[in-house]
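The values are calculated or read from the model by the stated rules, or taken from the named source; none is laboratory data. If you're wondering where the values come from, they're calculated on a predicted model, not measured in any experiment. Cβ placement follows ideal geometry from the backbone for every residue including glycine, while neighbour counts extend to all protein chains displayed. Just the protein is used for accessible areas: all its heavy atoms, side chains included, with ligands, DNA and RNA removed. Shrake-Rupley method; radii C 1.70, N 1.55, O 1.52, S 1.80 Å.
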Amino acid sequence: MTDQSETLTTRETRPDLQNRGYVLTRFGDADAMELRDLDMPQAHEDEIVLRVHASSVNPVDYKIRDGEAPFVEESALPVILGRDVSGTIENMGPDAHNMLRRGDRIVAHMGEMVRGGHARFVRVKAMEMTALPDNVDMVEAGTMPLVAMTAWQGLFDHGHLREGQSVLIHGAAGGVGHVAVQLAKAKGAKVIATAGTDDLDFVRGLGADRVIDYKKEQFEDQVADVDMVFDLVGGETRDRSWSVLRKGGVLITTLSEPDSETAAKHEVRAETYMAHPDPKALGQVVAMMADGKLKVTIAERHAFEDIRTAYDRAENGHLRGKVAIVME
Ligand SMILES: NC(=O)c1ccc[n+]([C@@H]2O[C@H](COP(=O)([O-])OP(=O)(O)OC[C@H]3O[C@@H](n4cnc5c(N)ncnc54)[C@H](OP(=O)(O)O)[C@@H]3O)[C@@H](O)[C@H]2O)c1
């Protein structure tokens, strides 16, 4: 049984501490997630228990639910999905940082696929979280961690993007892409972005220097010698991207492992990676949000009780930015 077992059985007696969460008991469609009463999680060592205010749906959530993603094996079920949370501290472990107080506003990137945020209360590790200033919207923050850490780590930790360089971002209107455009611009890079016809103005508004309509145009006819391709789409979009890189450039992808022989043939570096919690980078993104330098776009808000609609819209809605799940 996973370490989530502590949350999955008995009913709390105090109504204000009644935990409830969406439990995935089998792989499948929306019906595979059941809203159940749960035990309150316990904070160990430097952990906290967060009273969740907002969360989001990421593609990894519905890919795991469908049994499509390899990150959770059937033997690990039941699990609770959800990589992002914001909320307030409900209680703290004995070694929690001495500056933390009950009621503090927190945002966290849930780092383990078997311990997710689609519940009223969640156990959060110290290295997954950072404090949230009063002027940062709790709902925007609650949809930000995974997409922001993915964008940050792809552009900077793996891509080493520097001021003055050029980057082609595929999938720029999506969750990761719309944050990546803003982070790359804030770094002083030149940003070329691909997006669908209806999303071109949105992506321009994020600061992209040039936006190419992937539904009508072939980006490889218009772009050459870029320093970096940041691929959030994969498939034939990635296959057509090698030729737009300069020699010595880099292709970073959030999807499957890129072919090393093709990379060598084009004399470029190519990598994939899995985003991981990084409290320092998370704190820097929160500071950018507090300073008005980064805006997370909420496409739609759905109540916790209506999580199925949130999943459906994230998967099928072709939305701009993020779908938020909000506690009423
Ligand atoms: N490795 C990791 O750690 C990691 C972390 C986060 C995400 N990911 C993966 O990265 C991908 C993107 O994540 P996300 O959260 O940004 O997803 P998302 O919010 O669904 O966004 C995807 C975006 O790509 C656009 N798109 C689709 N086909 C395109 C094309 N041919 N050219 C340009 N844009 C296209 C979509 O636009 P339309 O509305 O027109 O379809 C949408 O705006 C997902 O596959 C996700 O699983 C991996």
(message) Against the definition (under 17 Å from Phe27 (Cβ atoms), within 22 Å of the chain's Cα centre (by Cα), in the same structural domain as Lys125 (by TED's automatic domain parsing) and open to solvent by less than 20 Å² (accessible area, probe 1.4 Å)), how does Ala69 come out, yes or no?
(response) yes
(request) Scan the range 150-164 residue by residue and report those that are more than 14 Å from the ligand (Cβ to nearest atom) and surrounded by 18 or more Cβ atoms within 10 Å (Cβ to Cβ). (result) Leu161
(request) Out of the residues in the range 271-283 that are within 14 Å of the ligand (Cβ to nearest atom) and of a type in the set (A, V, I, L, M, F, W, C), state the one that is most open to solvent (accessible area, probe 1.4 Å). (result) Met274
(request) Using the structure shown, decide if Val203 is assigned to a helix (DSSP H, G or I) and in contact with a His (Cβ under 8 Å, 6 or more places away or on another chain). (result) yes
(request) Determine which single condition Met327 fails, assuming it passes every other condition in (1) open to solvent by less than 30 Å² (accessible area, probe 1.4 Å); (2) closer than 22 Å to Gln218 by Cα; (3) away from the ligand (no atom under 16 Å from the Cβ). (result) (2)
(message) For the condition on the phi > 0 side of the Ramachandran plot and not aliphatic (A, V, I, L, M), what is the one hit in Gly116, Gly159, Gly82?
(response) Gly82
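Is it true that Ala184 is in contact (Cβ under 8 Å) with a residue 24 or more places away in the chain, assigned to a helix (DSSP H, G or I), over 19 Å from Leu255 (Cα atoms) and not assigned by TED's automatic domain parsing to the domain that holds Asp84? Quick ask: steps written out before the conclusion?
Details: in contact (Cβ under 8 Å) with a residue 24 or more places away in the chain: yes; assigned to a helix (DSSP H, G or I): yes; over 19 Å from Leu255 (Cα atoms): yes; not assigned by TED's automatic domain parsing to the domain that holds Asp84: yes.
Answer is yes for this residue.
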(message) For the range 132-170, give me each residue that is touching a Ser or Thr at 6+ places or on another chain (Cβ under 7 Å) and part of a loop (DSSP other than H, G, I, E, B).
(response) Leu132, Thr143
(message) Can you find a residue that is under 24 Å from Ala173 (Cβ atoms), open to solvent by less than 30 Å² (accessible area, probe 1.4 Å) and either touching a His at 6+ places or on another chain (Cβ under 8 Å) or not assigned by TED's automatic domain parsing to the domain that holds Asp213 (or both) anywhere in the range 253-267?
(response) no
(request) Go through Arg83, Arg102, Arg51 for me and flag whichever is within 16 Å of the ligand (Cβ to nearest atom) and basic (Lys, Arg). (result) Arg83
(message) Name the single residue that is nearest to Val107 (Cα to Cα) among those in the range 272-306 being part of a strand (DSSP E or B) and among the charged types (D, E, K, R).
(response) Arg301
(request) Tally the residues that are within 11 Å of the ligand (Cβ to nearest atom), assigned to a loop (DSSP other than H, G, I, E, B) and over 21 Å from the mean Cα position of the chain (by Cα), restricting the search to the range 219-247. (result) 2
(request) Kindly list the number of the only condition in (1) within 14 Å of the ligand (Cβ to nearest atom); (2) closer than 26 Å to Val326 by Cβ; (3) touching a residue at least 60 places away in the same chain (Cβ under 8 Å) that fails for Glu140. (result) (1)
(request) Report, by residue number, each residue of the range 284-324 that is under 22 Å from Arg51 (Cβ atoms), more than 16 Å from the ligand (Cβ to nearest atom) and surrounded by 16 or more Cβ atoms within 10 Å (Cβ to Cβ). (result) Val286, Met289, Phe304, Ile307
(request) Mind telling me which of the residues Val85, Val114 ends up being buried (at least 24 other Cβ atoms within 10 Å of the Cβ) and either under 25 Å from Tyr273 (Cβ atoms) or at pLDDT 95 or above (or both)? (result) Val85
